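Let me begin by presenting the structure, written as structure tokens, before commenting on it.
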Amino acid sequence: MAWNRSPDIGFDRAVNPYRGCEHGCVYCYARPSHACLGWLPGLDFETKLLFKPDIAALLEKDLRKPGYVARPLALGSATDPYQPVERTLKLTRAVLQVLERTSHPVSIVTKSAGVLRDLDILVPLARRGLVQVFLSVTTLDARLARRLEPRAATPQRRLQAIADLARAGVPVAVLAAPMIPGLNDAELEAILEAAAAAGARQAGYTLLRLPHELGEIFRHWLATHVPDRATRVLDLVRETRGGALNDARFGHRFSGTGAYADLLARRFSHAVRRLRLQTGPELDCTRFVPPGEAQAGRAGSQLSLF
């Protein structure tokens, strides 16, 4: 598990089975982390992936530590836990199996319909109040999505995944993220409306931030795909980031500052009230049973049948 103390984030622990992401989202704030490995945050981030083959065993070891107190664990806080390689490696599924056995609460963030593969685990977790899934929907424009997120699920497929999760009884939320000034921000209300109609019960959003090398990557993308809007988009980003492309201060990283950011925040607040997207569940942290005890309990239950 990775731990954080950021007041901007609603969780203090996370698990990421993968570093790097095949989805290739041009705006991904995790891209600069690849530079720390000596690789490029551009194409290398999308093609040179690291994975953690022993992640399930290591997670069990962490959960077994004396004094461990369960709180919601974020799965996929950096890179997508359901990117295409998961179909083969199934590391996210292995993590969920550990969490299900120990009744540990978990929140999942993805932009992939691949999450539906694990309904056999998610539904039992949901029945015990232990899971919420967040589907990220950046735009409803399939053509724009294909350019921004070239190997992610289409917007319509993500909305269908929201509907399928909701129908199965799994609490699901939408993340309108990131909102890119002058590019997709006009879609904020439409995204929330479509997600609410599909069955989302809660919503969130973030404002684009461009830390480190990401600024140059995104600038090049704008010049290639929307050259007529490139200058306007970057100017608006700077307006929300105190004249820079990124503001790393706590309290400002995800929402920005200034009149433009304030207007976006008010639009979001009004929309979630109107659509009643404020009813997300409080995950149950009281059911957790450490791995050894959980396995012993299940063995005892099986023996009692004889």
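A few comments on the model shown:
- Taking 20 °C and 1.002 mPa s as conditions, the stretch 185-279 diffuses translationally at an estimated 147 µm²/s according to Stokes-Einstein applied to its Kirkwood radius (Cα pairs).
- Span per principal axis, largest first, for the Cα atoms of the stretch 105-174 (Å): 39, 19, 17
- Qualifying lysines (Cα of each under 23 Å from Cα of residue 61; at least 8 residues distant if same chain): 52, 90
- Answer label for semi-axes √(5λ) of the Cα gyration tensor in Å (calculated), chosen among [x] 40, 21, 15; [y] 34, 22, 18; [z] 31, 21, 18: [y]
- In plain terms, the chain from residue 274 to residue 50 could stretch by 76.4 nm, reckoned as 0.36 nm per residue minus the Cα-Cα distance.
- For the pair residue 221 and residue 116, the difference between a 0.36 nm per residue extended length and the Cα-Cα distance amounts to 34.7 nm.
- Computed on the stretch 135-226, the Cα convex hull volume stands at 94 Å³ per residue.
Coordinate-derived values only; no laboratory data. Just so we're clear, the structure is a prediction, and the values are computed from it rather than from any experiment.
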